[in-house]
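Engineer: Structure provided below as structure tokens; questions to follow.
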Amino acid sequence: MLSIVVLSGGYASSEYCLDELVKIMNCRKENGHRVFPVFYKVSPDEDVADPSSSGVYKADLDRHKRRHSYERVASWIHALRSISQISGWVIHDHT
């Protein structure tokens, strides 16, 4: 099984996407599920690796912190950090 995860600037605004990412990353850890990330107009090192302190996801995660439990938001941040460590495809649209 393979999951292709496309991370874009608005990805962290979606609770559904973040919940699915947690599930995908858990399947990777527990079952060896393959994950291929596509970083579309986001940097895996700057935006995704440290989403709660800088980058395009910070504002969305700050908003989520006010509305959701610490555990839920922490699981999203952990999943984002984990996927940032996987080699994938980085797309910077220069059109």
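Engineer: Would you kindly state how much longer the chain becomes between Asp50 and Tyr70 on full extension, computed as 0.36 nm times their sequence separation minus their alpha carbon distance, in nm to one decimal?
Structural biologist: Between Asp50 and Tyr70, full extension yields 5.5 nm more.
Engineer: Using a Debye calculation, one point per C-alpha and no hydration shell, please list log10 I(q)/I(0) for the chain at q = 0.11 Å⁻¹ in order.
Structural biologist: For the requested q values the scattering log ratios are -0.28.
Engineer: Among Ser53, Tyr70, Val5, whose Cα lies farthest out toward the positive end of the dipole of region 2-91, if unit charges sit on the beta carbon of Lys, Arg (+1) and Asp, Glu (-1)?
Structural biologist: Tyr70
Engineer: Assigning unit charges at the beta carbon (Lys, Arg +1; Asp, Glu -1) and nothing else, what dipole magnitude in debye, to the nearest 20, does the chain show about its Cα centre? Before the final figure, lay out the partial values.
Structural biologist: Values: 12 positive and 12 negative charges, 47 e Å.
Rounded to the nearest 20 debye, it is 220 debye.
Engineer: Please give the contour-minus-distance gain from His33 to Ile91: 0.36 nm per residue of separation, less the Cα-Cα distance, rounded to one decimal in nm.
Structural biologist: My answer for the length gained is 18.5 nm.
No value in this document is a laboratory result; all are computed from the given coordinates. What you are looking at is a predicted structure, and each value in this text was computed from that prediction instead of being measured. Note: ideal-geometry Cβ built from the backbone for every residue, glycine included; neighbour counts use all protein chains shown.
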